[in-house]
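Novice: This is the structure, below, for whatever I ask next.
The values are calculated or read from the model by the stated rules, or taken from the named source; none is laboratory data. What you see is a predicted model, and the numbers here were worked out from it, not measured in a lab. Areas reflect the complete protein model, heavy atoms only, side chains present, ligands, DNA and RNA absent. Shrake-Rupley method; radii C 1.70, N 1.55, O 1.52, S 1.80 Å.
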Amino acid sequence: MEPGGGADLPGAFVLSNLAEVVERVLAFLPAKALLRAAGVSRLWSACARRVLRGQRDVAWVSVGRTDALPDAAPDGHRLLRAVAEELENVHILPRTVLYMADSETFVSQEQRRGHVKARKRMSMETAVALEKLFPKQCQVLGIVTPGIVVTPMGSGSNRPQEIEIGESGFALLFPQIEGIKIQPFHFIKQSKKLTLEKHELTEVGLLDNPELRVVLVFGYNCCKVGASSYLQRVVSTFSDMNIILAGGQVDSLSSLTSEKSPLDINATGVVGLSFSGLRIQSATVLLNEDVSDEKAVEAAMQRLKAANIPEQDTIGFMFACVGRGFHYYRAKANVEADAFRKFFPSVPLFGFFGNGEIGCDRIVTGNFILRKCNEVKDEDLFHSYTTIMALIHLGSSK
């Protein structure tokens, strides 16, 4: 039989008619290639959609100490280049992205030597370039902080890194997960508006939402007058709910694509993500000022381990004060991140060193009833010289 003739017909028939086979083949493709393959035929389009719906693992892109990426170009951060390269290889279609980058190198050296407005303008350009790399329907939330906690790419069992100084960052890519809703929220401090309207909280899932499980919350530009009190006022509107609350104060907000109007880089506000869904499990522990050696850190990790959160489909977060880290532990590096890895060896850890921490000991018991420590009050949620460790389990794969 001639080459390209009848001998090729059985394979062509299978790839044109048998959905099960097509899906198995398409499952090997990263998301971008899968979307291109969806244009071949209606069958392939339907198969591609089913494959994407089945890809529910959270992916991430990160840059840290050991990455082989070259130094950033004058007009970008290393995270920008890493995301551009790695998005070609991820197998999920991101619907929500949370990225964090260090504030020292998120802007170029040339602009950083200039005046404040030039520095901020440059940081916004880098943020816009990052946003353009993601699908249009993707909601991107980006913040800039003094230091970064990141797990290197490749595996959740890689050793997480506490990077207090130096170019670093990460982007967490959340796909659309059945039964789970992740919503960004943003409240801007306004001198003539002292309270939040009920509908503002309801629209972003923070009120009248029986499935709300976790809130990650960040105050930005908190050095300005009245910023800290505004952050406390916002958090108080949902802090007494049956939810896990964790976060801290960061330098600035760099991206929020869910809003149509451009960000005001001089504004003060509160931003974050709400996680809703009956399958979500979560817990937090507080490492207070007295936790200053490896033994005490491991004791805190044991409390978190007691929550019995499944490690599969789980993300760890670490929100630490800039006053902790290497010098706090008498010239020992990576103490808290290493302790986390000892107790949760397959859970990736992400977070930052910031200017204040939000959270407390809240361990989940049966039926998502939170065990409160001393009936937590609003003022017990805000700390300095502490670390908040959190686990968020996004439900087991079916």
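Novice: How much accessible surface area, in Å² rounded to 10, belongs to the heavy atoms of Met124 with a 1.4 Å probe?
Specialist: About 40 Å², ignoring ligands and nucleic acids.
Novice: Using a 1.4 angstrom probe on the protein heavy atoms only, could you order His91, His186, His77 from most to least accessible area?
Specialist: His91, His186, His77
Novice: Right, next: His383 accessible area, nearest 10 Å², 1.4 Å probe?
Specialist: We get 40 Å² for His383.
Novice: In whole percent, how big is the carbon plus sulfur part of the accessible area of the range 152-258, probe 1.4 Å, protein atoms only? Could you put the intermediate results ahead of the total?
Specialist: Numbers: 2260 of 4540 Å².
That fraction is 50 percent.
Novice: Holding the Cα-Cα limit at 31 Å, pick out from Lys181/Lys260; Lys198/Lys224; Lys193/Lys305; Lys32/Lys224 the pairs that are longer than that.
Specialist: Over 31 Å apart, Cα to Cα: Lys193/Lys305; Lys32/Lys224.
Novice: Quick one: grab the alpha carbon gyration tensor of the range 141-185, order the square roots of its eigenvalues as a ≥ b ≥ c, and give me rounded if a/c is under 1.5, else prolate or oblate depending on whether a/b is larger than b/c.
Specialist: oblate
Novice: Tell me the per residue accessible area of the range 153-232 using a 1.4 Å probe; a whole number in Å² is fine.
Specialist: 48
Novice: Right, something else. Hey, could you pull the Cα Rg and Dmax for the range 278-321, both in Å?
Specialist: 11.9, 37
Novice: While we're here: Given a 1.4 angstrom probe, what's the average accessible area per residue across the range 272-332, in square angstrom?
Specialist: 43
Novice: Quantify, in whole percent, the carbon and sulfur part of the accessible surface of the range 270-360 (1.4 Å probe; protein heavy atoms only).
Specialist: Carbon and sulfur atoms account for 51 percent of the accessible area of the range 270-360.
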